[in-house]
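See below for the structure under consideration.
The values are calculated or read from the model by the stated rules, or taken from the named source; none is laboratory data. Worth saying up front: this structure is predicted, and the values here are computed from it rather than measured. In this analysis, Cβ positions are derived from the backbone assuming ideal geometry, glycine residues included, and neighbour counts consider all displayed protein chains. The area values use the complete protein model at the heavy-atom level, side chains included, leaving out ligands, DNA and RNA. Shrake-Rupley method; radii C 1.70, N 1.55, O 1.52, S 1.80 Å.
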Amino acid sequence: MALNAVVAEVTARIVERSRATRADYLRRMDAARDSGAGRAKLSCANWAHAFAGQTIADKLTAMDGSKPNVGVVTAYNDMLSAHQPFERFPDVIRKAVREVGATAQVAGGTPAMCDGVTQGRPGMELSLFSRDAIAMATGVALTHDAFDAAMMLGVCDKIVPGLFMGALAFGHLPVVFAPAGPMPSGIPNAEKARVRAEYAQGLVDRTTLLQSEIGSYHSPGTCTFYGTANSNQMMMEIAGLHMPSTAFVHPDTGLRDALTAAAAKRAVELARSGEGRMADVISEKSIVNMIVALLATGGSTNHAIHLVAMARAAGVLIDWTDMDQLSSVTPLLARVYPNGSADVNAFQAAGGVAFVTRELAQAGNLHTDVVTIMGHGLEAYFQEPSLVDGELVWRDGVAESLDRDILRPASDPFDREGGLRLVQGDLGRAVIKISAVKPENRIVEAPAAVFETQEDALQAFKDGKLNRDVVVVLRFQGPKANGMPELHSLSPALGVLQDKGFKVAFVTDGRMSGASGKTPAAIHVSPEALAGGPLAHVKDGDIIRLDPEAGMLTTVGGIDLKARPAARRSQAHAEGASWGYGRELFGAFRQVVTTAEQGATVCFTVPIGADGHTDTPPNPNIVDRTVDA
């Protein structure tokens, strides 16, 4: 089918907007490629250092001087259940590449924090900044310049975006991402949500809550809800950086090991052929494909920020207007918790990413003329792997969904539009994930209750002060203020209020989780309050209207926000955001970080033109492009 007209139009606009930055990026990648293999430029002493700790066999292979060497960047730790399986991946990779006459080395590790552990805690204020730290750590690892290809081992929220950004700085190399897969299903998600709501109301004790949570998060592998981590895996597949249909294969299985070995061998093949470099795989078209797939599956709102920074690493400039317009023509094909009751294991069983990719491609919603690590086009990503007598075999994915309550064809979607929308007005620009919000709950007009900390908002809930129609406004949560933490700890309380029959909405310049749920939430409000954004002028009792159907986030009644003095953070809040739990180490990040719509990044603080000057024309779709240092 012909490419959807809106997809074509948005892509053309991105190409034009990115003309200077993309050309500059490709020029640099071409220069790096043309300078020759890194190992050929290293002196004998350099090369000896590189292999001093390797086996005799690997040293002999390396001494040949013509055999590919694969650099592995790993985010392994056993604090993250999703990353625990990476402990053994380097050995699988080394063995696989030896079989094809190559070598592999762990070039370096990156931090990988667990948002599930830090949710609602001070450490969450480092979460978003950790993405750029991971990008930098990836750069440190690969700057040894001793590699012909690279493999990235990461799964979770900030880790994959950080690896992606860092790897693109070495986009002259082929780069393959190797996932670890989800844990087996635990207790039903509806049961988990019920216990959380009861705990928020004081109806069950902490022991009951802990037993429920352990029943949900119980073994190695990714958490099974469709949050940021699993959205990452889906997008790496659509982008053509995974082996096909590898995102949701369980860890510690023969199939997972076979896929990891196949990914390593594919990296060697690409190094030898000179094809599939990451700079060619990631283009304006593949970025659009990633956005469309995210929208079609009801993926994480965090990617309204991450994708901007990830695309910028390849010289591609996108914004929330692009995402909103793509959402208007993207069919919602999946219902996975929190957008439904099923988890990612059920999604995979119903047809998984292979089904989604084929449906979107055949409906004209994806660019199929793209480069992937498998070659040209997306057809390879319509396939699924299996083990037959110990051998890895690829077959076409299912032609029809095996469970239409979870996965539907593009001809009969759950919704004709995707799960993310832009809302804007006199309160700024924000995004809202509506795929999990029932239509009758989406439009809210109610008085504001204004807070500057989660703790204050939760205390008001416990004291019964929010038992009414209310728009909870939580400000001073943006990237400059405190690193833009996720505010998912408020979700159970807001859900309880909604269940009581009140009209409830949430408005913040912070983030919600990839698990954004049933309460309408206008998040990432930009400009943020600390940078002079409109939320700094809102008062308790102001009537706010959130209407994602009309794309509105505005005050009601002719309020002149600009005529009011801006609220100031309390001294205690300001000081608390500046030190403790490692926050003092990231003070420079808070000073130079860009706005949420610019990706909330410190890696790319201003657009760079092809001539190296910062004179790229501003995008009129973005309200505030100023970097307030």
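In region 468-488, which residues are of a type in the set (A, V, I, L, M) and either open to solvent by 10 Å² or more (accessible area, probe 1.4 Å) or in a strand (DSSP E or B) (or both)?
Result: Val470, Val471, Val472, Val473, Leu474.
Can you run down the residue pairs with Cβ atoms below 9 Å, 6 or more apart or on separate chains, where the first is in region 43-66 and over 18 Å from Val100 (Cβ atoms) and small (Gly, Ala, Ser) and the partner is at pLDDT 85 or above and part of a loop (DSSP other than H, G, I, E, B)?
Partner pairs satisfying both residue conditions: Ala50/His144; Ala50/Ala146.
Considering only region 123-222, give the helices (runs of 4 or more DSSP H) lying wholly within it that have at least 2 residues that are open to solvent by less than 10 Å² (accessible area, probe 1.4 Å), at pLDDT 95 or above and closer than 24 Å to Ala247 by Cβ.
Once the helices (runs of 4 or more DSSP H) in region 123-222 are filtered for at least 2 residues that are open to solvent by less than 10 Å² (accessible area, probe 1.4 Å), at pLDDT 95 or above and closer than 24 Å to Ala247 by Cβ, what remains is 127-142, 159-168.
Taking into account only those residues within region 73-92 that are part of a loop (DSSP other than H, G, I, E, B) and not aliphatic (A, V, I, L, M), which is most open to solvent (accessible area, probe 1.4 Å)?
Among residues in region 73-92 that are part of a loop (DSSP other than H, G, I, E, B) and not aliphatic (A, V, I, L, M), the one most open to solvent (accessible area, probe 1.4 Å) is Asp78.
Take the conditions among the aliphatic types (A, V, I, L, M) and over 17 Å from Val353 (Cβ atoms) and apply them to Val268. Does it pass?
yes
Every residue, every condition in (1) aromatic (Phe, Trp, Tyr); (2) in contact (Cβ under 8 Å) with a residue 60 or more places away in the chain, yes or no:
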residue	(1), (2)
Asp469	no, no
Asn482	no, yes
Leu490	no, no
Ala493	no, yes
Phe506	yes, no
Asp509	no, yes
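Would you say Leu535 is in a helix (DSSP H, G or I), touching a residue at least 60 places away in the same chain (Cβ under 8 Å) and open to solvent by less than 20 Å² (accessible area, probe 1.4 Å)?
Yes, satisfied.
Looking at region 419-458, which of its residues are surrounded by fewer than 19 Cβ atoms within 10 Å (Cβ to Cβ) and closer than 13 Å to Ala521 by Cβ?
Asn441, Arg442
Could you pull out the residue among Gly38, Gly53, Gly65 that is at positive phi and of a type outside the set (Ser, Thr, Tyr)?
Only one candidate passes the filter, namely Gly65.
Residue-wise test of (1) surrounded by fewer than 24 Cβ atoms within 10 Å (Cβ to Cβ); (2) assigned to a helix (DSSP H, G or I); (3) touching a helix residue (DSSP H, G or I) at 6+ places or on another chain (Cβ under 9 Å).
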{"residue": "Glu275", "(1), (2), (3)": "yes, no, yes"}
{"residue": "Asp280", "(1), (2), (3)": "yes, yes, yes"}
{"residue": "Lys285", "(1), (2), (3)": "yes, yes, yes"}
{"residue": "Asn289", "(1), (2), (3)": "no, yes, yes"}
{"residue": "Val292", "(1), (2), (3)": "no, yes, yes"}
{"residue": "Thr301", "(1), (2), (3)": "no, no, yes"}
{"residue": "Ala304", "(1), (2), (3)": "no, yes, yes"}
{"residue": "Met310", "(1), (2), (3)": "no, yes, yes"}
{"residue": "Val316", "(1), (2), (3)": "no, no, yes"}
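When you scan region 348-370, do you find a residue that is charged (D, E, K, R) and surrounded by fewer than 23 Cβ atoms within 10 Å (Cβ to Cβ), even just one?
Checked region 348-370: at least one residue is charged (D, E, K, R) and surrounded by fewer than 23 Cβ atoms within 10 Å (Cβ to Cβ).
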